[in-house]
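Visitor: Dropping the structure in here first, questions after.
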Amino acid sequence: MKKTLLAEFTAREGARDEVARMIGEYALKVREEEGNLVFDVYTKAAAPRAFWIFEVYRDEDAFQAHLKAPYGGPFNAALAPLIEEDASVLTFLDPLA
């Protein structure tokens, strides 16, 4: 079964452009992962510092491989001081049908 989630975070005041650059570079790497099906990055139209990342992985194993990728930890460590939350807020999604 596919693993689908929404990751959300808000860039601190003045950090939006740096966060956008970082997430753009990170997205290119994630999209190359064998088990990644979707990694789409959005900002909220009414609040451009709010980032939403819609992610879909082939299955739980592909998601676990994503979590173990060598670039994930450094990305999250660099992102942490630039966002308002302690970390990305993850919401796991299940299909309706």
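Visitor: Cβ-Cβ under 6 Å, sequence separation 6+ or interchain: first residue in the range 43-62 and over 14 Å from LEU93 (Cβ atoms), partner part of a strand (DSSP E or B) and among the β-branched types (Val, Ile, Thr). Which pairs?
Guide: ARG49/THR10; ALA50/THR10; PHE51/THR43
Visitor: Let me ask something else about it. Of the residues GLY24, GLY14, only one is without any contact (Cβ under 8 Å) to a residue 60 or more places away in the chain, in a loop (DSSP other than H, G, I, E, B) and either farther than 26 Å from LEU96 by Cβ or aromatic (Phe, Trp, Tyr) (or both); which?
Guide: Going through GLY24, GLY14 in turn, just one is without any contact (Cβ under 8 Å) to a residue 60 or more places away in the chain, in a loop (DSSP other than H, G, I, E, B) and either farther than 26 Å from LEU96 by Cβ or aromatic (Phe, Trp, Tyr) (or both): GLY14.
Visitor: Kindly provide the set of residues from the range 87-97 that are in a loop (DSSP other than H, G, I, E, B), within 14 Å of the chain's Cα centre (by Cα) and either among the aliphatic types (A, V, I, L, M) or loosely packed, with under 11 Cβ neighbours inside 10 Å (or both), ordered by number.
Guide: If the condition is that a residue be in a loop (DSSP other than H, G, I, E, B), within 14 Å of the chain's Cα centre (by Cα) and either among the aliphatic types (A, V, I, L, M) or loosely packed, with under 11 Cβ neighbours inside 10 Å (or both), then ALA87 is the only one that fits.
Visitor: Only one of (1) under 15 Å from LEU6 (Cα atoms); (2) surrounded by fewer than 16 Cβ atoms within 10 Å (Cβ to Cβ) is not met by ASP59, so which one is it?
Guide: Among (1) under 15 Å from LEU6 (Cα atoms); (2) surrounded by fewer than 16 Cβ atoms within 10 Å (Cβ to Cβ), ASP59 violates only (1).
FYI, it's all coordinate maths here, none of it is from the lab. Computed from a predicted structure; not experimentally measured. Positions of Cβ are backbone-derived with ideal geometry, glycine not excepted, and every protein chain shown enters the neighbour counts.
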